[in-house]
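Read-outs: derived from the displayed coordinates by stated rules, not from any lab. Since the model is a prediction, treat every value here as computed from it, not as a measurement. Counting neighbours? That spans all protein chains shown, and the Cβs are built from the backbone with ideal geometry, glycine included.
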Amino acid sequence: MAFQRLTTNSYAGRRFQQHITTDIANLATPTTRRRRRNNFKLVMSMDNSDATTKVTQYTINDSVCPPTDPDTLTKIVQKHIHALPRYWFSRPVANHTAEAFQEAMDFVNEYREKKQFPDASKVNVILDSGCGTGKSSVILGEMYPNCVVIGVDQSIARLSRNKSYQQSDDSEETDSKKDTSVHTDVQENNINNQDTNQNDNVLLLRAELSDFWKCCLSSTQWQERASIDKHYLLYPNPYPKKSRLKSRFYAHPAFPLLMMTIMMDDDTSDGDVLSAEEDKLVVRSNWEGYLNEFKSAVGIWQDCGGTFSEWTKTYLASDIPNPADGWHPTNESPVKFESGGPNRMDIIIKDDPSLLPMTNFEAKYLESGESIYELTARVVRSTES
């Protein structure tokens, strides 16, 4: 098998425990976990008007990259929505990503059996897209011990820096080199190879993000067994040049796939249940302008009325329309998004010792005095009949 799971039953898992760091170990108590999760919510009520912004060597602002014209951004996002069928059907999922998704499905099924889930219930999944070496995934696993955390990154080099991830010598690199999916460049996000996991609920996988999202959206078994309750994008590559706008997540053809991952079902499930009032999407960056435009893209997606259910009925049914005709959502979406932020996170993290940096880039920003921001999107379901 090309991928090794991050469980304490494996050799990698045992080595993982031997290298556990003090910081991660300190997260293990339920009291600390509750305090950490509750304090994350406090940032939503922060008044950022009095916060000072320090310019550092890492700062990206309007002088570095001017804001995108709103009409231009609207046209780009709408174009990607309408062209989604062509993007979806243009090529098959890369082999290494298909294997990674099957590994994730097996991991979820084994977790269900281990925790003795009822047949009708779903495993709550925290998806950490662009996880780097998996430091953030490990921390999320400690924060949500009753959820499965799946960290996905395209880079073997980054994942291999985590002692609990091992890649076999199977030659699959040709798929990666030929793949044109959205890449998981997360600013070399998590570069410390000592970040380790002592729970059995974390899985790190090498895969292309857009392909992995497609697998989640198209798998009936996944939809019956798992529910993506939170989707994290921590410090995605901002591509702070006007010419690279369409490389950013919110202006990329895969953006509709990202949005549909947090709209897949409205069911509750056993375990560490995340209610409809919880944030479904969490994005962090040191560039406030990036998150402002991401927020605008979420609004554009909502205005277009696209839903996962309509996409499934239209393009994943037996009679598939011609992809060249494009997708034109016909109904107003019953699912609305309330976006929070972008809000300053560096202030609240510095003020509370129990809140560890989620990534090594975040730690570096905090040390240098760089401002960091968080954008959230909360799903609000219509109660109208």
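If R₀ is 35 angstrom, what is the calculated FRET efficiency for the pair Ala317 and Asp106, using the beta carbon separation as r and rounding to 0.05?
Once the sixth-power term is evaluated, E becomes 0.80.
If each of Asn292 and Lys350 carries a label point 7 Å out from its Cα toward its Cβ, how far apart are those two points in nm?
2.2
Mind jotting down the distance between the C-alpha centroids of the range 320-372 and the range 86-145, whole Å?
Answer, in whole Å: 19.
So what are the ³J(HN,Hα) numbers for the range 288-296, from phi and the Karplus equation (6.51, -1.76, 1.60; θ = phi - 60°), rounded to whole Hz, Gly and Pro as x?
Using θ = phi - 60°, the values come out as 4, x, 4, 6, 4, 6, 4, 4, 5 Hz.
Roughly speaking, what % of Cα-Cα pairs in the range 86-165 are separated by over 18 Å, rounded to a whole number?
So the portion of pairs separated by more than 18 Å is 52 percent.
For Val123, list long-range residues whose amide hydrogen, built 1.01 Å from N in the peptide plane, is under 5 Å from its own amide hydrogen.
Long-range HN contacts for Val123: Ala226, Ser227.
Could you give P(r) for the range 57-126, binned at 5 Å from zero, as whole percent values over all Cα-Cα pairs?
3, 11, 10, 10, 10, 11, 13, 14, 9, 6, 2
Filter Lys295/Lys364; Lys79/Lys241; Lys122/Lys230 down to the pairs with a C-alpha to C-alpha distance above 19 Å, please.
In this structure, Lys295/Lys364; Lys79/Lys241 lie more than 19 Å apart at Cα.
Give me, ordered by chain and number, the residues 5 or more places off Gly151 or on other chains with an amide H under 5 Å from its own placed amide H.
Those qualifying (amide H under 5 Å, at least 5 residues apart or on another chain) are Asp128, Leu203, Leu204, Leu205.
Want the number for Ser160 to Asp325: 0.36 nm per residue separation, take away the alpha-carbon distance, what's left?
Separation in residues times 0.36 nm, less the Cα-Cα distance, equals 55.1 nm.
HN-Hα J couplings of the range 90-106 from phi, Karplus 6.51/-1.76/1.60, θ = phi - 60°, integer Hz, Gly and Pro as x?
5, 7, x, 5, 4, 4, 5, 6, 4, 5, 5, 5, 5, 4, 5, 5, 4
From the P(r) of the range 305-364, could you give the percentage of C-alpha pairs in the tail past 15 Å?
So the portion of pairs separated by more than 15 Å is 68 percent.
When you count, for each residue, the other Cβ atoms within 10 Å and take the mean per peptide, how do 97-108, 141-152 rank with the highest first?
So the peptides 97-108, 141-152, ranked by packing, come out 141-152, 97-108.
Using amide H atoms built 1.01 Å from N in the peptide plane, name the residues 5+ places from Lys280, or on other chains, whose amide H lies under 5 Å from its own.
Counting only residues 5 or more places away or on other chains, the set is Ala377, Arg378, Val379.
Under the Karplus relation 6.51 cos²θ - 1.76 cosθ + 1.60, θ = phi - 60°, what is the ordered set of whole-Hz ³J(HN,Hα) values for the range 371-378, x standing for Gly and Pro?
Going residue by residue, I get 6, 10, 10, 10, 10, 10, 10, 10 Hz, with x marking Gly and Pro.
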